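Colleague: I'd like to ask some things about the structure below.
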Amino acid sequence: MSDVLQKPATPPAHPDPSLSVQLSSTPRGARLARLLTDVQLREWGLPSDPALLIVAELAANAATHGRVPGRDFRLVLRLHADGVLRIEVTDTRGESLPEAQPPCADAESGRGLLLVDALAHRWGVTHDAFPRKTVWAELPLVHTTGGRNRTKSRRTHVPRTLARASEESGLSGFPVT
């Protein structure tokens, strides 16, 4: 019985390289998503920016546009072995698909997905079992060293507006699954 209570001599570097949490579709739930993301990224030794900004936008969208009274949204962070962080936010408004569009010049909102597009290596929407959808974004990250946060590489995909134009012209399209 004593060996059941013993801890391993060296714990794995990432005992659980993912976080999955269900939160209320409210501004408070969106704020909690940001806080939990910050704590998890620190625990993994990863930089919080730009991941924290992406989580803030996707969680705010889920609480605002994906809200169905009495239903929650889910935040998932997955750290892949190759250093890519995948952020997923699932809500229950599968019929309402997000699309990055330039807002009116005097609009006070509507720039969130443009920010996600600018910060993420790639992002998209996955249709889940009705009535859910998942908006995801991926970032290549490195561990923090010497107190400095760095991303491994710059964004390399074509911005969504250019991808849409190339898709319409018969060239390569933007990956939306």
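Colleague: Would you work out if the stretch 71-136 is rounded, prolate or oblate? Take a ≥ b ≥ c from the square roots of the eigenvalues of the alpha-carbon gyration tensor; rounded if a/c is under 1.5, else prolate when a/b is larger than b/c, oblate otherwise. Please report the intermediate quantities before stating the final value.
Modeller: On the way: a/c = 2.40, a/b = 1.21, b/c = 1.98.
Verdict is oblate for the stretch 71-136.
Colleague: Could you work out how much longer the chain between Leu115 and Asp49 gets when fully extended? Use 0.36 nm per residue separation minus the Cα distance between them, nm to one decimal.
Modeller: On the way: separation 66, 0.36 × 66 = 23.76 nm, distance 1.26 nm.
Length gained between Leu115 and Asp49: 22.5 nm.
Colleague: Starting from the Kirkwood radius over alpha-carbon pairs of the stretch 19-139, derive D by Stokes-Einstein at 10 °C in a medium of 1.306 mPa s and give it in µm² s⁻¹.
Modeller: On the way: Rh = 14.4 Å.
Result for D is 110 µm²/s.
Colleague: Normalized C-alpha radius of gyration of the stretch 40-92, against 2.2 N^0.38 Å? Kindly include the intermediate steps, with their values, before the conclusion.
Modeller: Working: Rg = 12.4 Å, N = 53, 2.2 N^0.38 = 9.9 Å.
That ratio works out to 1.25.
Colleague: A further question follows. Would you mind pulling out the separation of the Cα centroids of the stretch 21-54 and the stretch 70-125, in Å?
Modeller: If you average the Cα positions of each part, the centres end up 13 Å apart.
Colleague: For Arg86 and Gln22 in one chain, what is 0.36 nm times their gap in residues minus the Cα-Cα distance, to one decimal in nm? Working shown, then result.
Modeller: Numbers: separation 64, 0.36 × 64 = 23.04 nm, distance 1.66 nm.
My answer for the length gained is 21.4 nm.
Every number in this text was worked out from the coordinates using simple rules, so none of it is lab data. Keep in mind that what you see is a predicted model, and the values were worked out from it rather than measured.
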